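Please treat every number below as a calculation from the coordinates, not as lab data. Model, not experiment: these values are computed from the prediction. Using ideal geometry, Cβ is built from the backbone for each residue, glycine included, and neighbour counts are taken over all protein chains shown.
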Amino acid sequence: MKVSHMEITVNDQTYSVDVEPEMPLLWVLRDELGITGPKYGCGIAQCGACTVHVNGYAVRSCQLAVGDLGSSKVSTIEGLGTPDSLHVVQESWIEHQVAQCGYCQSGQIMQAASLLSTNPNPSDDQIDAAMSGNLCRCGTYPRIKAAVKSAAKKLQGS
Amino acid sequence: MGRLRTITRRTFLIGSAAIVGGVAFGTYMAKRPIKNPLLSDLEEGEAAITPHIKIDATGITLITPRADKGQGAYSMQARLIAEELDIDPATATITPGMPGPAYYNGAVMEESTPFPAYEQGALAETVRKFMHVPAKLLAMQITGGSSTVPDGFVKLRMAGAIARETLKEAAAQQTGIARDQLNTENGAVLLPDGQRIAYTDLATAAANIEPVTDVDLRPKSAWKFLGKPTQRLDMSAKCTGTEQYGIDFKLEGMVHAAVRANPGIGAGVESYDATEAETMRGVQKVLPINNGVAVIADNTWRAWRAAEAIDIKWEPGPYPASTANIFTQIENVLDADEHRDHRQRDEGDVEKALKNGELFEATYKVPYLAHAPMEPMNATVLVTDEQCEIWTGTQIPLFVRDHAAKLTGLDKDNVLVYVQPMGGSFGHKLEDTHVLQAVEIAMAMKGTAVKLVWSREEDMTHDYLRPGAVAKGRGTVIDGKVATFDLSVAQSALLPDWFGRLMDMSIPGPDATITTGAWDQPFAIPNYRVTGYRAPTMVPISSWRSVGASGNGFFHDTLLDELILKASADPLAERIRLCLDDTSRKVLEKVGEMSNWDSPLMGPNKGRGVAFCLSFGVPTAIVTEVTNTEAGIKIDKVYAVVDVGDVLDPVNLEAQVFGGVIFGMAHAMNCETTFENYAAQQNNYHAFEGMRLYQVPDIEVVALSNAQKIRGIGEPGVPPAAPSLGNAIFAATGQRIRELPFNKQINFV
């Protein structure tokens, strides 16, 4: 059986893990490291609830084998901001009262943060394209759109 | 307020009790003392109340027994209490507490009467009140039916007011100043000289005096939190990844379980071979469970992988093997007299009228549908010789407790259910198969906590579905008006099935859900008939957001639209003309005004449709505008008008209507659950996609407040969404689609 000791960096902390290299990053985060902000929704990259940043870009952590991570840096919603020190996207999300059940929102927020870090002033079409891989079953989409736009405005102003 | 209080007194009483270091206020059941669910917090003999408020030196706790599955129930319940208690709800601890029979939901069965919601005469109201009695006797601590607000609106504010006045009385006795000279503000009693005594400092004294129950509820004009835009109390946690859902729950030494149960739901296992699975890394045990096989491992992914490696031979399912066979059985009962379940509406002379003039006839169909909440079913269970502890998101905590007691052989009092925040439900968490599987596994692992998480595939292939249904519509028109409307609906009965699972009892008589959302609509048509036919129970079915109205809203309104167009009448004007209820008519008029219905849509290939449904007491009208593009239908704009009476939280109301409209349209666009070889075919979101962000139209919501009764808004947005889209598609394309999902016949962009 393949067993692999590896070091991974999550939210600027280094962790030593001993898992199969093919274990998806999502389950390393949730079950091995106790980082539960990224959620399991589908396991097949259809819902985006597990979205994290790898070197700053939005990635579906259910599809990324931990062994393929190499020296890349992972950040999760917990690393984006905290209730006392919110990221601008989280601020907008709260102002727009986006969440209902909230289960998909870690992924939505990570996706939006990734979009805005590369494109601080996205058009409606660009927002649609970037955000349409993230499923929400409660129907928070209208407020997601509004919150992304308002976060973009804040970024322009700052 | 006088009349409200009389009603309130008759159905429940609020009392107080001492707790360690403080006081609790809650529902006291005069005739039937019910054990307090606070367990060790209360002394023996003080177990007569079920608390909504606990105050001790450390702070204030508000207990919100209706479960939060995303609809904002915790915040709303906390705000109802806080409004009268005079505290900032954000400063209190909010918890669902332990389940207890006294948290029964009086309103959940209110609309299970033979009266449509718009009928508010004395007889209808009396019968509705009687429906609180079975709810109480059956100890129905249920979250559902958009009933959290109607059930708690008076009850929770009363609890807050009694607590406030009792705290004032304690301050009065302490200071010698009469109670009517005292005020309250933000968690403290205010003395005339401006001095403040914190509630937490009065808690012990308040526990030792008779509660003050002769209280008046504050008028709407004095509300601080209700009726105003406020922030949901769980918003920050949900936007920072810190909300702890059932799936995030963790105990020291916990193991992870996976199951594979027969996809022929309810059938057993013929044989299985787990040789490979047992050798896989992290696997501790493979064991047979009811209708399936479970794997216990040290990690969720390892448990799932090992479960997939088990070779299982299934027994054939206990229902027809394919969707085609299932629908044949439904079609067979339609309009067959011996299968008639009920006919709650029969006005004029439909048989005669149908022979008078040209007969319009059409058949409609809606599919079975999974709930598919984003958080898959899960439960963490710890069983010992003495007790069984369960951590799970559920809408039915007491039934979970009873079922687990039966399974473990433990006393009900030794089964403890800790309700967790839910990542959605839409009705799936009105069922507890997954919890009982976890209990069964934990019984084999005594002393070790077991967390069972269903994979998405397990979740979507072991759901209790929204029933599929078939309807026949007939009608006639005379002189530009709808003259006859005759709708027959056939489907399996949902409530007897569900009650059977919940309470091990059979419910005799008709099942109103077969025609809910169709028989009870506020229209006056000269010849008007709605009949329900009962198909046999086949695949498992249950409540799905808006229950019977989810399909019947589509049937009723689509048939109405077809007849109106056949009469060459205007779809909105004719609905308004036919409407017999003022509140509903104003909703229709408002949606016309908002959407500029009387002005033509600008641009080519556009169309708009209106639809209406009265469900859960809320008249809801929707206008949808679409464009027929070369690649398919684009939904441009939606206008939605509801009337819930007083709006307690305008921000959350809008969110719930957005959610209802999108939920209704998303499933109508492209979702269905079909069966082949006994198994549900759509096992993940790739095959059950719903609406994606790029497809979401601009939605405008208006809430009117003409209704006399206060209502909940979690569900009413769903039923008219699909027919408004279908009517708009017809307007834009000339194509009438009578079967859901629409994407079997037309594309969406």
Legend entry - the range A:41-158 - percent relative contact order, Cα under 8 Å, separation 6 or more: 31
Inset, instruction - Using only alpha carbon pairs under 8 Å that are at least six residues apart, calculate the relative contact order of chain B and give it in whole percent. - result: 13
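Just to confirm the filter: which trypsin sites (Lys or Arg not before Pro) across the range B:260-363 are DSSP coil and have at most 11 other Cβ within 10 angstrom of their Cβ? Mind showing how you got there, number by number?
Details: sites: B:Arg260, B:Arg281, B:Lys285, B:Arg302, B:Arg305, B:Lys313, B:Arg340, B:Arg343, B:Arg345, B:Lys352, B:Lys355; in loops: B:Arg281, B:Lys355.
Those satisfying the criteria are B:Lys355.
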Legend entry - Residue (of B:Phe675, B:Thr200, B:His339) at the positive-pole extreme of chain B, dipole from beta-carbon charges: B:Thr200
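Mind scanning B:Lys155/B:Lys586; B:Lys352/B:Lys472; B:Lys472/B:Lys634 and naming the pairs with a C-alpha gap bigger than 25 Å? Please report the intermediate quantities before stating the final value.
Numbers: B:Lys155/B:Lys586 30 Å; B:Lys352/B:Lys472 18 Å; B:Lys472/B:Lys634 29 Å.
The answer is B:Lys155/B:Lys586; B:Lys472/B:Lys634.
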Inset, instruction - For B:Ala524 and B:Gln195, compute 0.36 nm times the residue count separating them, minus their Cα-Cα distance, and round to one decimal in nm. - result: 112.3 nm
Legend entry - Packing-based ranking, highest mean first, of B:383-395, A:23-35, B:175-187 given that Cβ atoms within 10 Å are counted: A:23-35, B:383-395, B:175-187
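Counting partner chain Cβ atoms within 10 Å of every residue's Cβ in B:312-325, what's the average?
Numbers: counts 0, 0, 0, 0, 0, 0, 0, 0, 0, 0, 0, 0, 0, 0.
What the average comes to for B:312-325 is 0.
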Legend entry - Cα-Cα pairs of the protein assembly as shown separated by more than 39 Å (percent): 42
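Return the loop-located GluC sites (Glu not before Pro) in the range B:610-671 (DSSP other than H, G, I, E, B) with at most 10 other Cβ atoms within 10 Å of their own Cβ; answer none if there are none.
On the way: sites: B:Glu625, B:Glu630, B:Glu654; in loops: B:Glu630.
In loop regions of the range B:610-671 (DSSP not H, G, I, E or B), the sparsely surrounded GluC sites (Glu not before Pro) are B:Glu630.
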Inset, instruction - Could you grab the relative contact order for the range B:401-514? Cα pairs under 8 Å, six or more apart, rounded to a whole percent. - result: 15
Inset, instruction - Using only Cα atoms, locate the centre of the range A:70-137 and the centre of the range B:646-684, then give the distance between them in Å, rounded to an integer. - result: 23
Inset, instruction - Enumerate the whole-percent occupancy of each 10 Å bin, from 0 to the last occupied one, for all C-alpha pair distances of the range B:586-674. - result: 14, 43, 32, 10, 1
Legend entry - Within straight-line cross-link reach of B:Lys566, aspartates and glutamates at Cα separation under 12 Å, skipping those fewer than 8 residues along the same chain: B:Glu358, B:Glu361, B:Asp479, B:Glu574
Inset, instruction - Identify the trypsin sites (Lys or Arg not before Pro) of the range B:553-597 meeting these criteria: DSSP loop state and at most 12 other C-beta atoms within 10 Å of the C-beta. - result: none
Inset, instruction - Please average, across the residues of A:32-41, the number of beta carbons from any other chain that are within 10 Å of each residue's own beta carbon, and give a whole number. - result: 5
Inset, instruction - Assuming a ≥ b ≥ c are the square roots of the Cα gyration tensor eigenvalues, decide whether chain B counts as rounded (a/c under 1.5), prolate (otherwise, with a/b larger than b/c) or oblate. - result: oblate
Inset, instruction - Give the shape of the range A:69-158 as rounded, prolate or oblate, defined through the alpha-carbon gyration tensor: a ≥ b ≥ c are the square roots of its eigenvalues, a/c under 1.5 means rounded, and otherwise the shape is prolate if a/b is larger than b/c and oblate if not. - result: rounded
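When a footprinting reagent is the concern and you count Cβ atoms within 10 Å, what order do B:Ile576, B:Ile265 take, fewest first? Mind showing how you got there, number by number?
On the way: B:Ile576 19, B:Ile265 22.
The order, fewest Cβ neighbours first, is B:Ile576, B:Ile265.
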